[in-house]
Ligand code: NAD
């Protein structure tokens, strides 16, 4: 079978790349090669940046009300096609169709919010800062901007950035994950169909070499990144050293506290979804459950049952609750980390290693796994596993639980399950993480709130989505204005 080579989308057209290096994109459930993706070289990144720069002046002068008409068209096309896009997501990323559709809904929300740009981009002003002198603040687009995105939300994460960037009058270059490039190719086809002017939106595929070309390109003024912490730190330092704005979202190790007064059935169901949904490959996956006092035995038993009974298989099958992890290497790494946890003294309460999934023997599956009695000082307690593995820890007081939450190096999300208002309030106030869930397992901010990672989960100042997105993609211009009375003509 001939495997197709994926094209880039540059200057309003799909263009084959002249890359010397192409990577296989595989369906993680079947290991079948879906397409080959180019590692776009510098010269072609330059072509995309030059096309974006050429388009920028016309685009920034296009009134915001006109710019958002393209987004309204895109929103309609996304509504029409989001189920087909979800299928592509399941095929290249592995999550279930229901998870892929939910992801697209969250992506579409961002298009809707960005359609409010005529108001969101407004500045502010004062008359008479001194007698007869007025001062205004305007927001102007920064120019050509780029986003580098991870494999785990191929549809939603590009839409955390693109709608705000273009609505604010910037031209945008997307470098999707080389593991899941087909979703972005479909998005580019819809953007093309929506009639966006040439150069306003472009896709360059690739990996490190392509990212470095973006980070070094003098015409690219701002970079948004989502991925692992090591790469987020690297992208942030190289982009900012080159004088660019950068917002870089990194990895996570999200704790949930279960207090003894929590509704155990609801808590178990929610924590199981948060830990094993998307095969644990969510930056908001819960990966540590800290039980307090009597919650220990009740929760351990119920979460073990939930883990063991989860249906695992190919995400296109509607009865399946959890798909594979992204690659063979990822599966090996997760299994190695489970082994490491055991060697560090944890008890493997539910062991998901080397499962047999009938009909998908070549797929990259790991079943839900529970590690009990994980030592907070062990390596497994600190490492982002990014797979369907939940570690259990136990303490006697809520203060100890919060101290454990705050001892982690990441700060993407922390959650509490309780019936007590004061306990929830104390947690909300004291927990050192940027996204907080109270009786909620995946506290993903809606499009009109910032996606607020802290600590090692974020490098930068302004987060993705909503008003933060608008601030990131605009520069403030302040005008101080005087019109002396004596210059007045008599009318
Ligand atoms: P990754 O860091 O491997 O890749 C992310 C992007 O960086 C990809 O586009 C990739 O091509 C590029 N890249 C990879 N290595 C690079 C290098 N050495 N130099 C330059 N560019 C490089 O991440 P991933 O495996 O695709 O995604 C999973 C990670 O993303 C997890 O750590 C997860 O927690 C994180 N994530 C974070 C958030 C968040 O909002 N904080 C959201 C989703 C995923």
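The values are calculated or read from the model by the stated rules, or taken from the named source; none is laboratory data. In this text, all values refer to a predicted model and were calculated from it rather than measured experimentally. Counting neighbours? That spans all protein chains shown, and the Cβs are built from the backbone with ideal geometry, glycine included.
Observations, loosely collected:
- Residue within the range 330-342 that is more than 23 Å from residue 376 (Cβ to Cβ), surrounded by 21 or more Cβ atoms within 10 Å (Cβ to Cβ) and away from the ligand (no atom under 16 Å from the Cβ) present: no
- Of the residues contained in the range 210-218, none is found to be in a strand (DSSP E or B), modelled with pLDDT of 95 or more, more than 14 Å from the ligand (Cβ to nearest atom) and more than 22 Å from residue 93 (Cα to Cα).
- The residues listed here are 143, 155; of these, the one that is over 23 Å from residue 221 (Cα atoms) and in contact with a helix residue (DSSP H, G or I) (Cβ under 7 Å, 6 or more places away or on another chain) is 155.
This table checks each residue for (1) touching a residue at least 24 places away in the same chain (Cβ under 8 Å); (2) in contact with a helix residue (DSSP H, G or I) (Cβ under 9 Å, 6 or more places away or on another chain).
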residue	(1), (2)
303	yes, yes
307	yes, yes
315	yes, yes
328	yes, no
332	no, no
335	yes, no
338	yes, no
342	yes, no
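- In the condition set (1) more than 23 Å from residue 13 (Cα to Cα); (2) part of a helix (DSSP H, G or I), residue 183 is compliant with all but (1).
- Screening 231, 223, 204 for residues that are assigned by TED's automatic domain parsing to the domain that holds residue 54, within 13 Å of the ligand (Cβ to nearest atom), touching a residue at least 60 places away in the same chain (Cβ under 8 Å) and closer than 26 Å to residue 412 by Cα leaves exactly one candidate, 223.
- Residue match in the range 452-459 (condition: within 16 Å of the ligand (Cβ to nearest atom), more than 18 Å from residue 228 (Cα to Cα) and touching a strand residue (DSSP E or B) at 6+ places or on another chain (Cβ under 6 Å)): no
- In the range 242-259, the count of residues that are in a helix (DSSP H, G or I) and under 15 Å from residue 298 (Cβ atoms) is zero.
- Total residues in the range 249-269, condition surrounded by 22 or more Cβ atoms within 10 Å (Cβ to Cβ) and more than 14 Å from the ligand (Cβ to nearest atom): 8
- Only residues that are more than 23 Å from residue 410 (Cα to Cα) and in a loop (DSSP other than H, G, I, E, B) were counted across the range 456-476, and they come to 1.
- With respect to the conditions (1) crowded, with 18+ Cβ neighbours inside 10 Å; (2) under 19 Å from residue 162 (Cβ atoms), residue 467 lacks only one, and its number is (1).
- The residue that is nearest to residue 264 (Cα to Cα), among those in the range 409-455 that are without any contact (Cβ under 8 Å) to a residue 40 or more places away in the chain and under 19 Å from the mean Cα position of the chain (by Cα), is 436.
- Taken together, 181, 150, 176 contain a single residue that is in the same structural domain as residue 60 (by TED's automatic domain parsing), within 19 Å of the chain's Cα centre (by Cα), without any contact (Cβ under 8 Å) to a residue 60 or more places away in the chain and within 10 Å of the ligand (Cβ to nearest atom), which is 176.
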